[in-house]
Each structure stands twice: as structure tokens, then as C-alpha cells.
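Student: Please find one structure pasted underneath; my questions will follow.
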Amino acid sequence: MDSLIAISGRDFVLMASDVTSARSIVVMKEDMDKIMELDEHKLLGFAGEPGDCTAFTEYIQKNVHLFALRSGITLDTHAVGNFTRNELAVALRKRPYNANMLLAGYDEHVGPSLYYLDYLATLHKMDFSALGYASFFVLSTLDRHWKKKCVVLACGISTLLSRFPAVTTQHSEGSSVIVFPGQFLTLCPCRSSRGCCPPCVSSFLVPVSWCAA
Amino acid sequence: MSILEYNGGCVVAMAGKNCVAIASDKRLGVQLSTIAMDCNRVFRMTDSLYLGLTGLHSDVTTLHNLFNYKLNLYAMREGRVIKPTTFASLVSSTLYEKRFGPYFAEPVIAGLQPDGTPFLCAMDLLGAMAVADDFVVSGTCAESLFGTCETFYRKDMNPDELFETLGQSLMAALDRDCISGWGVDVQIITKEGVTTKSLKARMD
């Protein structure tokens, strides 16, 4: 089962996923990218039936891009969330997609936002969220440890890494992406196709005490 | 488990003397795991008309969007504000349109009629209307809510008494339901305006 975690702070949203593609007891591959870049400031992470996830998220990505090309307007995260929800809701009563998603984005006048969207087309704005088996552990952990004052990006990363050792260990193979006001920062997707690759995630590890302020 | 109980949640509305109040819990869950504690399921339709929706949250959102759209068209076509009775009929027929593939949501309508008297109405997911002059309930703890409301309700309460009675009725019922809770929002509708109050219930 996929694991997807996302945390929002004052000026960033951070999203991390595992990279395993498994079917039953067989691991098909260990470099699967489960976080899609919708545009320069939006990420769509997904978990669920792999075929449905790919088909649906690519459909959303291309339509968001098409809208931008046609109108010259870039949709904000809220708009993309509602568009995606509507597509999923219409499909639900015809040929449902089994795709759960987390939509993260940064908008000029809104700031960072994070939306939870499940395969039944339940859309909800979140401060933090998780999908898959990870959510059973992560939601309760973040309930306790997530703070609005977790304002610094490094704090977010340290929260993520220090609270979830599983993520850290997976991370040697995993990908983790951050939405910044101006750019994407890809953390150590050593085998990812993404271009920018800062040294290593370990260099971003900061003491938990940074969060205590 | 019924799909109506998949996300959890409840709504209750109560009438007083020339005032009406509608309240809901704030939990959004996926079966027994809680996803969010700030979920709103009572929506403003006009200044003195509120719609509460319980059931599958996906359909709650769909219906909220649909009724906003229909009311905007109504306002443009008719050039006036919709009456609660008319809106109830609109909701009922919208739900019955989907008789054989229904929206899995049960609405509660609370508002003041043009003459200032309260209007309360609840429906099932097919749009069968149940108009009441005391209180209406809906959601996963509807049975408990009937009990608490019947116990606490008095005729002709003023807005403050109504808020207290409705709040206590809902909170007492919530505590016996593990897929509702995480706080309560109460809207008190009077001719002068609407007051919104948030209550902390048992936050577990």
C-alpha cells in the first residue's frame, strides 16, 4: 500500500511519498514517482489503483495545462482542487477511479494550501494529511506534533523526518518534494527523473529543537 | 455499514419564538478514522435560510454546489429571495430526480418565513419531506438526538434559551456516537440577523 504524507507551514507545503510499486507479495519496482507536478507551484500526490491513478492524474494535469494555455490564466490550488473533485464526482457514478490524492500548492495571494481528495470525491482543506497505511500512524502523530509555528521549511522537514523514522529510512530510495514560493525543491530523488537534486536529504536534517521555538 | 454512515456527522435544527437555530458537529471521517475536525455541513442559502446536509461528504459538497447554482439562477430569473417553503420543495424534487441512483445525503432546512415565523424541514435521501414545528434531526446520531431534543425542548424559547437548549441537546447526543463530534457549530437565525457560535464538545 502506498504511503503519502504532506505538511503545510506558513510559507511552504511539503510532500513525501514512498517509491514502492507492489502487487500482492511481489515488489514490481522501487523507483516509482507518486508525486506529480501539475504546474510550477502545484503537486498532486496519489495513492490507490496504479492504473487509475496514472490515468486520472495525467488527465487532470493535461487539462489544467490546457486551461492555462487557452485562457492565459493559471488556476489557483483551490480551483484545481474543485475541478479535480468535480471530475472525480462525475466519474464516481459512471466508471469510478480508485485514486486518492493530496493536492499541495502555493498561490501568490493565498499562500500555501493542501487539499485531501479521496476516491469518493471528498475534498477537504488540510493543515497536514496522509494517505495509505501510513495515515493510521501519521495522522495521530501529526495531531500532536504539527504546529502553526512550524513556520520554517527546515522545521517541516525535521518534523517529518524526526517523527517518522520510517520515512527517513525509506528516503535513501525515496523521493520528497517541497513546494516553494518560487520553485520546486526536490530532495534526494537520487533515481528520480527530476532535474534539480540537492546534495542529500541528510544535509537538510535539522535538530528537532529548531521547532521548539 | 451504510454509505450514509461512511463519513459520520449529524445536524439538528430547533424552532423558538420568531427565531430558529441549526447546529452540526465538525468531524469528517473515513469510517472510524478521523480525517478532519473542521468540517462544515451547514450552509447559508439566504440571509435567513440555512441548509444542513448529513451523509456522504462527497454528495454533501455536490448538493451544496448544486443548490448554490440553482438559487443563483432563481434569484436572477425571479429577482427576489427564495422562501423557505419553496426552497424545501426545490430540495425535495432535486433529490427525487435521482430516485434510482440517489445522492447519499439527508438535508435539514431551517429558516424564517417572510412573516418571521420559523420553518423547519427534514428529508430522507429520496426527498420525502417531514415538516416540523419543534425540531428536526438528521445524521448518524439521529436516534439519540430525538431523545435529547424531546427532553429539552420547550415552546416559544427566546434566542438565548434556544441556543442553550439546542447546544445541550446536540452535545448530549454526540457523546454517545463515535463517528460524530469534535466540536459543534450553532447558527441562531433571528429577524435581526444570524449569530454563529462554536462550542467545544468532548474533543475525542
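The values are calculated or read from the model by the stated rules, or taken from the named source; none is laboratory data. This is a predicted model, so every value here is computed, not measured. Glycine gets a Cβ as well: all are built from the backbone with ideal geometry, and neighbour counts include every protein chain shown. For the accessible areas, the whole protein counts, side chains as well, though only heavy atoms, and no ligand, DNA or RNA atoms are used. Shrake-Rupley method; radii C 1.70, N 1.55, O 1.52, S 1.80 Å.
Student: Quick one: which of B:68-77, B:180-189 comes out on top by average Cβ neighbours within 10 Å, and what's the full order, highest first?
Tutor: B:180-189, B:68-77
Student: Per the 1.4 Å probe, what fraction of the accessible area of region B:8-135, in percent, lies on carbon and sulfur atoms?
Tutor: Looking at region B:8-135 in its full context, I get 53 percent from C and S.
Student: How large is the accessible surface of A:CYS53 in square angstrom, using a 1.4 angstrom probe and rounding to the nearest 10?
Tutor: Approximately 0 Å² for this residue.
Student: Please report Rg (one decimal) and Dmax (integer) in Å for the Cα set of region B:74-195.
Tutor: My reading of the Cα-based Rg and Dmax gives 15.7, 46 Å.
Student: In addition: Which whole number gives the average, over all residues in A:118-126, of C-beta atoms from other chains lying within 10 Å of the residue C-beta? If you can, show how the numbers build up before the last one.
Tutor: On the way: counts 5, 1, 9, 6, 13, 3, 8, 3, 3.
Per-residue shielding by partner chains comes out at 6.
Student: May I pose another question? Is the C-alpha gyration tensor of region B:47-86 telling us rounded, prolate or oblate? Criteria: a/c under 1.5 is rounded; beyond that, a/b larger than b/c is prolate, otherwise oblate.
Tutor: Oblate shape, in that a/c is at least 1.5 and b/c is the bigger or equal ratio.
Student: Provide the buried accessible surface between chains B and A in square angstrom, both chains summed, 1.4 Å probe, rounded to the nearest 100.
Tutor: Its buried surface, counting both partners, is about 1300 Å².
Student: Can you give me the accessible area per residue for region B:70-204, using a 1.4 Å probe, in Å²?
Tutor: 51 Å²
Student: In whole angstrom, how long is each semi-axis of the equivalent ellipsoid of region B:36-128, when you take the square root of 5 times every eigenvalue of its Cα gyration tensor and sort them from largest down? Mind dumping the intermediate values first?
Tutor: Values: eigenvalues 85, 46, 35 Å².
Largest first, region B:36-128 gives 21, 15, 13 Å.
Student: List the residues of region B:28-51 whose accessible area drops by at least 50 Å² when all protein chains are present, compared with their chain alone, using a 1.4 Å probe and counting only protein heavy atoms.
Tutor: Residues losing area: B:ILE35.
Student: Kindly identify residues of region B:56-86 having a loss of at least 40 Å² in accessible area between the isolated chain and the assembly of all protein chains, probe radius 1.4 Å.
Tutor: Flagged in region B:56-86: B:SER58.
Student: Could you work out Rg/(2.2 N^0.38 Å) for chain B, with Rg from alpha carbons only?
Tutor: On the way: Rg = 15.7 Å, N = 204, 2.2 N^0.38 = 16.6 Å.
Against the empirical 2.2 N^0.38 Å value, I get 0.95 for chain B.
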